Amino acid sequence: MIFHPPILALIVASLLTSGFTVWAAVFAVRVLRAWDLSSGSEAQLQLERQTYLVSTVVAFALAVGAASLVLFVFNADRMAALFTGAMCAVGTLNASVYGFPALLAKIAVFFAASLWLAANRADGKGRDYPLTRLKYGMLLGLAPLVLLAAGLQLAYFLDLKADTITSCCGKMFAPDRPSITGEMAGMGEGAALWLLFSVLAVALGLAALAVRMLAWQGQGGHESDD
């Protein structure tokens, strides 16, 4: 089963993303130690040139890693016909204990990668690269997450067996089922609305922070022009 073309594509994508992210994380340690825009030394100039290459490679790798989430879910849905009891991606993911952990890890990578790509784009527009230390510091936390997602995904694919009998949405999300999914399905309206608005508030707060950072960056660019 691991030799299915979509599965092989996902494994290759995760290997590339993991390899480049770990390589960039090692480089990030050097950036955090030696980055100094006030210095005109040869070492600083060389470091600035290298950041262009590393940032471009990492941006491509993380974009591939984020996009692989869509292929992962699509492939899980298409594979439902191979497992008894599965009718959609939920049943396929439930065919292994690593299914849903792999999905959650890939979702976390998707949002973390999106945040890094946004920071990288904002940093590239500034004249004094105000977010360089921040985005390379983020890589140190992003690399273990990418490795975790890749490991869980590989464990999930290796654990899949065609003769597995699984359960799908009707049983997993039943309100009376003693599980997280059952508790979520049986959540009261008040608690569900509180959770929804809490997540919305966090998202709006992050958006406001991003706008302020871009505005501050623009003011820094105008001051440099003056």
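The values are calculated or read from the model by the stated rules, or taken from the named source; none is laboratory data. Keep in mind that this is a model prediction, so the values were computed, not measured. In case anyone asks, the SASA skips ligands and DNA or RNA and just uses the protein heavy atoms, side chains included. Shrake-Rupley method; radii C 1.70, N 1.55, O 1.52, S 1.80 Å.
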On alpha carbon coordinates alone, what is the Rg over Rh value for the range 65-127, Rh being the Kirkwood radius? 1.21
How much of Lys161 can a 1.4 Å solvent probe reach, expressed as accessible area in Å² and rounded to 10? 100
Mind ranking Tyr98, Tyr136, Tyr52, Tyr129 by accessible surface for me, highest first, 1.4 Å probe? Tyr52, Tyr98, Tyr129, Tyr136
Return the tail of the calculated pair distribution for the range 1-62, meaning the percent of Cα-Cα pairs more than 12 Å apart. 71
As a test of reading the structure, rank Glu189, Glu48, Glu42 by solvent-accessible area (1.4 Å probe, protein chains only), most first. Glu189, Glu42, Glu48
Computed over the Cα atoms, what is the radius of gyration of the range 1-125 divided by 2.2 N^0.38 Å, N being its residue count? 1.37
